[in-house]
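J.: One structure, as C-alpha cells, below. Some questions next.
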Amino acid sequence: MSDADVIVIGSGFGGSVVAARLAEAGFRVTLLERGPWRDTVPVRSMGIEQRTPLPRGRQLFTRLLRAVGGNRMPGGSIKLNKQGLFELFFAKGVKIACSSGVGGGSHVYSAVNIRPLAENYWEGHVDDISDASMSPHYDAVLERMGSETPMADHRIPNTSAVRFKGSEAIEPATPPPDPRIGYLLPEDPDNPQKVVDANGIERYEVDYQAGEDGFLGSPKGSKTTLDCVYLAPAMKQGLEVRDLAEVTRIAGLGSGAGYRVEFIDHHGGGERSLSAERVVVAAGTLNTLRILLRSRETGGLTGMPRLGERFGTNGDFFGYWDYNDKGVDQSIGLPTTGGVKLKGDTDSPVIGGGGLPAVDSYPLPKRLKARMKRAYMIAGLGEDNMTGRASFHKGRLRIEYDPDQSPIFARLRSTFDEISRRTGHKIYAPKTPITVHPTGGACLGRSSEDGVVDSNGEVFDNPGLYVADAAALPRAPAGPPSMTIAAWANHLATRFIARHAKR
Ligand SMILES: Cc1cc2nc3c(=O)[nH]c(=O)nc-3n(C[C@H](O)[C@H](O)[C@H](O)COP(=O)(O)OP(=O)(O)OC[C@H]3O[C@@H](n4cnc5c(N)ncnc54)[C@H](O)[C@@H]3O)c2cc1C
C-alpha cells in the first residue's frame with residue numbers, strides 16, 4: 001500500500017493551495033517541505049513545537065541564507081544553513097532569489113495580491129482554460145487569503161502618495177486594477193489588535209510604526225501566510241506536513257503504480273522515501289526544475305522534451321535608490337509603498353518600492369541603522385519573453401537567460417536613469433538583473449511538443465505527476481505573480497477532485 005494518495009512537494013503558493021484543497025476533499029495527502037516551520041505568533045497558536053526564529057538580531061546573517069548555488073558553483077550549490085530563509089542562485093544572465101520554510105514565499109513576499117497585468121493572460125495556451133474560466137480561482141484564493149484593498153482610512157504611512165507629495169519629478173502611479181494587500185490592516189492604526197480566527201489561529205493587525213515586517217518575515221502574523229490560512233485548517237482534516245524534508249528525486253514505479261519520492265529528512269532521519277499514486281511538484285520554479293531535471297537525468301522520470309524551455313524572470317529589475325531623505329523613516333508602513341512613475345509619464349512601466357524591514361534588529365552600529373532606515377529599494381517588472389533555458393549538466397542545474405532578448409529591461413533601465421537624473425538621487429542597479437519571480441520551464445501546453453503539463457497540470461508523459469507552481473506558468477504575469485500561481489494551483493486541485501473524487 002502506498003504511503004499517501006498524494007505527495008505534494010513544497011509549501012508555497014502552489015503547494016499549500018493544492019495540499020489543503022485535496023486534504024479537505026478527503027484525500028490522504030503528505031506535504032514535504034525542505035524548510036522549517038517559522039516561529040511566528042500564528043504558528044505558535046497552531047501548537048507546532050519545533051519552530052525556527054526569523055532572521056533577527058545576532059542571527060540575522062547566519063539564519064538569512066539556506067544555500068547559494070549557480071551554474072559554476074562546485075557541486076551546483078552550497079548549503080549554508082538548512083534552516084535559512086533564502087536561497088540564491090547565480091545563473092548566466094540573471095540572479096535568482098527564492099525562499100525556504102513552511103509557507104514558502106508567503107513569509108518573505110511583500111503581500112501585493114493582484115491578477116496578471118499582462119492582458120488576456122490565460123487566453124490561447126490551451127482550449128479549455130481562459131481568463132473567464134480562471135477568474136473564479138482568483139476570487140477563491142483572494143477570499144481565503146483575506147486580502148484587502150488598501151483605502152485612505154487605513155492610514156498607511158509612507159505610501160508613494162505620501163512619500164512623493166510635492167516632488168517635481170515623481171508621482172504615484174495609478175494602481176493597477178484591483179490591487180489588494182495580504183495583511184491584517186488595523187481598524188485603528190494607533191491601536192493594532194490581536195485577532196483570533198475561526199480555527200483558533202492568533203494574529204496581530206499590522207503595527208505600521210514597528211517597522212517589523214517585510215522580506216524577513218512577519219513575527220506577529222500580520223502578513224497573511226499560507227501556513228495559517230491554508231495548512232492549519234487542512235491539518236485539522238488530516239493533511240500531514242513534514243518540515244525539513246528535502247526532496248532529491250522522483251522515480252516512476254511502472255505503469256499506473258505511482259511514484260517513489262526520495263528525500264533527506266533534516267530532522268536527523270537521513271535518506272528516506274515515500275510512495276504515492278500521484279505526486280504534485282510545487283517546489284518553486286528553481287527547485288521544481290532541479291527536481292524534475294535530476295529525476296529524468298537519473299532515470300526516475302522519462303520524456304518531457306520541453307522541460308527547461310521558456311524559463312522567465314517576469315522582467316524583474318531591482319535597484320537601490322539613494323534617496324536618503326533626512327527625517328523619513330522608510331522602514332515603517334507596509335513592505336511596499338505602491339507604484340511610482342516619472343511625473344507626466346503616461347506609459348510608465350510598473351515600478352514600486354519600499355524600505356528595508358526590521359532595521360532596529362540588525363546587529364549594526366546605530367548610525368548605520370539610521371542611514372539604512374532612509375534606504376529605498378526600487379523594483380520594476382513587466383512581461384519578459386521567457387527565452388531562458390534550464391538544463392542539467394554534470395549533475396548540476398544550469399540556467400541560461402539573456403535579458404537583452406526582452407525589451408522590458410532596456411525600458412526599465414532607461415526609466416531608472418531618468419528618475420536618477422530628474423530627482424538628483426541615483427538609482428544603483430546591477431548589470432545582471434535579480435529576479436524574485438522566476439517562472440516557466442515546465443510550461444502549460446497543448447502537447448509534449450509545446451509544453452510539459454496539460455490543462456489539468458499533469459505532466460504529459462508521466463501520468464499522475466503534476467506541476468502546481470510558477471514553473472507551469474505559460475507566460476509572465478507582468479505584475480506580482482503569487483495570486484496567479486495560487487489560482488493555477490486552485491484550478492489544478494478543482495480538476496483533480498472532479499476526476500478522482502473521494503468525498
Ligand atoms: C522579497 C520578495 C518579495 C515578493 N513580493 C511579492 C509580492 O508582493 N506579490 C507577489 O505576488 N509575489 C511576490 N514575490 C514572489 C512570490 O513570493 C513567489 O512568486 C511565490 O512564492 C512563488 O510561489 P511557488 O509556489 O512557485 O514557490 P515558493 O513560494 O517559493 O514555494 C516553494 C516551496 O518549496 C520548497 N522547496 C524547494 N525545494 C524543495 C525540495 N527539494 N523539497 C521540498 N521542498 C522544497 C521551498 O522551501 C518553498 O517553501 C516576492 C518574492 C520575494 C523573494
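Laboratory data are not the source of any read-out in this text; all were calculated from the coordinates shown. In this text the structure is predicted, and so the values were computed from the model without any measurement. All Cβ positions, even for glycine, are placed from backbone atoms using ideal geometry, and neighbour counts span all protein chains on display.
J.: Away from the ligand (no atom under 11 Å from the Cβ) and in contact with an Asp or Glu (Cβ under 7 Å, 6 or more places away or on another chain): is that true of residue 45 in this structure?
T.: Spelling it out, residue 45 is indeed away from the ligand (no atom under 11 Å from the Cβ) and in contact with an Asp or Glu (Cβ under 7 Å, 6 or more places away or on another chain).
J.: Another question, if that's okay. Cβ contacts < 7 Å: first residue under 27 Å from residue 75 (Cβ atoms), restricted to region 375-404; second residue outside any loop (DSSP other than H, G, I, E, B) and among the polar types (S, T, N, Q), any location; separation 6+ or different chain. Result?
T.: Note: pairs meeting the criteria are 398/391.
J.: Restricting to region 1-21, name every residue that is more than 21 Å from the chain's Cα centre (by Cα) and surrounded by 17 or more Cβ atoms within 10 Å (Cβ to Cβ).
T.: Residues satisfying the conditions are 2, 4, 5, 6.
J.: So residue 326 fits all but one of (1) more than 16 Å from the ligand (Cβ to nearest atom); (2) of a type in the set (D, E, K, R); (3) closer than 30 Å to residue 19 by Cβ; what number is the exception?
T.: Failed condition: (3).
J.: Identify, please: which residue in region 132-169 is of a type in the set (Ser, Thr, Tyr) and over 18 Å from residue 110 (Cβ atoms) and is, among those, farthest from the chain's Cα centre (by Cα)?
T.: 167
J.: Can I ask one more? Scan region 234-267 residue by residue and report those that are surrounded by 16 or more Cβ atoms within 10 Å (Cβ to Cβ) and in a loop (DSSP other than H, G, I, E, B).
T.: Within region 234-267, 239, 243, 244, 258, 266 meet the criteria.
J.: Which of the following residues is in a helix (DSSP H, G or I), within 16 Å of the ligand (Cβ to nearest atom), surrounded by 24 or more Cβ atoms within 10 Å (Cβ to Cβ) and small (Gly, Ala, Ser): 489, 476?
T.: Sole residue among the options that is in a helix (DSSP H, G or I), within 16 Å of the ligand (Cβ to nearest atom), surrounded by 24 or more Cβ atoms within 10 Å (Cβ to Cβ) and small (Gly, Ala, Ser): 489.
J.: Of all strands (runs of 3 or more DSSP E) completely enclosed by region 74-192, which ones contain at least 2 residues that are small (Gly, Ala, Ser) and within 13 Å of the ligand (Cβ to nearest atom)?
T.: Filter on region 74-192 gives 95-99.
J.: Could we say that residue 458 is without any contact (Cβ under 8 Å) to a residue 40 or more places away in the chain and in contact with a Leu (Cβ under 8 Å, 6 or more places away or on another chain) here?
T.: yes
J.: Mind checking which residues of region 1-53 are in contact with a Phe, Trp or Tyr (Cβ under 6 Å, 6 or more places away or on another chain) and in a loop (DSSP other than H, G, I, E, B)?
T.: 48, 51
J.: Still on this structure: Could you tell me whether region 273-281 includes any residue that is in contact with a Lys or Arg (Cβ under 7 Å, 6 or more places away or on another chain), surrounded by 16 or more Cβ atoms within 10 Å (Cβ to Cβ) and of a type outside the set (Lys, Arg)?
T.: yes
J.: Given the condition under 22 Å from the mean Cα position of the chain (by Cα), away from the ligand (no atom under 14 Å from the Cβ) and part of a strand (DSSP E or B), answer yes or no: does some residue in region 276-292 qualify?
T.: No; the residues of region 276-292 include none that is under 22 Å from the mean Cα position of the chain (by Cα), away from the ligand (no atom under 14 Å from the Cβ) and part of a strand (DSSP E or B).
J.: Then there's this: For region 63-100, give me each residue that is touching a Pro at 6+ places or on another chain (Cβ under 6 Å) and crowded, with 23+ Cβ neighbours inside 10 Å.
T.: Correct list: 85, 94, 96.
J.: Pick from region 214-233 the residues that are within 16 Å of the chain's Cα centre (by Cα) and assigned to a loop (DSSP other than H, G, I, E, B): which of them is nearest to the ligand (Cβ to nearest atom)?
T.: Applying the filter and picking the extreme gives 215.
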